[in-house]
1. Search the structure for amide H atoms under 5 Å from the amide H of Gly115, placed 1.01 Å from N in the peptide plane, and list their residues when 5 or more places away or on another chain.
2. If you compute Cα extents along the principal axes in Å for the structure shown, which of (i) 43, 41, 33; (ii) 37, 36, 30; (iii) 73, 50, 30 do you land on?
3. Mind listing the phi-derived Karplus ³J(HN,Hα) values for region 157-166, rounded to whole Hz, using 6.51, -1.76 and 1.60 with θ = phi - 60°, and x for any glycine or proline?
4. Within the accessible area of region 1-138, what % is carbon and sulfur when the probe is 1.4 Å and the other protein chains stay in place?
5. Only sites in a loop by DSSP and with at most 15 other Cβ atoms within 10 Å count here; which trypsin sites (Lys or Arg not before Pro) in region 1-87 make the cut?
6. Test of understanding: given the chain, find the longest segment containing no GluC sites (Glu not before Pro) that are in a DSSP loop and have at most 16 other Cβ atoms within 10 Å.
7. Among Ala11, Val159, Ser121, whose Cα sits farthest toward the positive end of the charge dipole of the chain (+1 at Cβ of Lys/Arg, -1 at Cβ of Asp/Glu, about the Cα centre)?
8. Give me the number: length gained by fully extending Arg23 to Val84, i.e. 0.36 nm times residue separation minus the C-alpha to C-alpha distance, one decimal in nm.
Amino acid sequence: MQLVVARIGRAHGIKGEVTVEVRTDEPELRLAPGVVLATDPASTGPLTIETGRVHSGRLLLRFAGVTDRNAAEALRNTLLIAEVDPEERPEDEDEYYDHQLIDLDVVTEAGTEVGRITEISHLPTQDLFIVERADGSEVLIPFVEEIVTEIDLAEQKAVIAPPPGLIDDRAEIASARDESGDDGA
């Protein structure tokens, strides 16, 4: 199975280094010197990581055969793809690879069917499940412990405890006014 582990950014310096946007929780394993990665577009690869270092909070990589700024800049926006055993799991038992979560059925704790996970959106603060409902509409579900209470890979389901308004249009709206409608005027 192939997983996107990074996207190449701009060139850094004049000796062929590039910045990378890391898309894996295991960069020390997936982006280590000596690792050979497939690419998208395929015509730019495969690429072998020669060196890696962190500079000002950004990961910088240099690839075998990429020796100057022009060659590095030509790789910009290339996706780096690692080959991963489909049965492999992250070290932490509460972590999952995207391919393990895609196509899981999403149900509430009460057993109500919500839909099926079609995509995982990785945002800076949290990940979101993009869930397609039976009617074709989508709902976004934050992948946080308070909402996603269980992932059962054997049963191919994700169990959620959605707050009011997350999956339905009947949100409870709190009001500072009392029930009489008196707004103090």
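The values are calculated or read from the model by the stated rules, or taken from the named source; none is laboratory data. These numbers come from a predicted model, not from an experiment. Here Cβ is always computed from backbone atoms with ideal geometry, including for glycine, and neighbour counts include all displayed protein chains. Protein only, heavy atoms only, side chains kept; ligands, DNA and RNA dropped before computing areas. Shrake-Rupley method; radii C 1.70, N 1.55, O 1.52, S 1.80 Å.
1. Counting only residues 5 or more places away or on other chains, the set is Val106.
2. Here the calculated entry is (iii).
3. 9, 10, 9, 10, 10, x, x, x, x, 6
4. Solvent-exposed carbon and sulfur of region 1-138 make up 47 percent of the total.
5. When the trypsin sites (Lys or Arg not before Pro) of region 1-87 are filtered for loop state and at most 15 Cβ neighbours within 10 Å, Lys15, Arg76 remain.
6. 1-86
7. So the residue furthest toward the plus end is Ala11.
8. 20.5 nm
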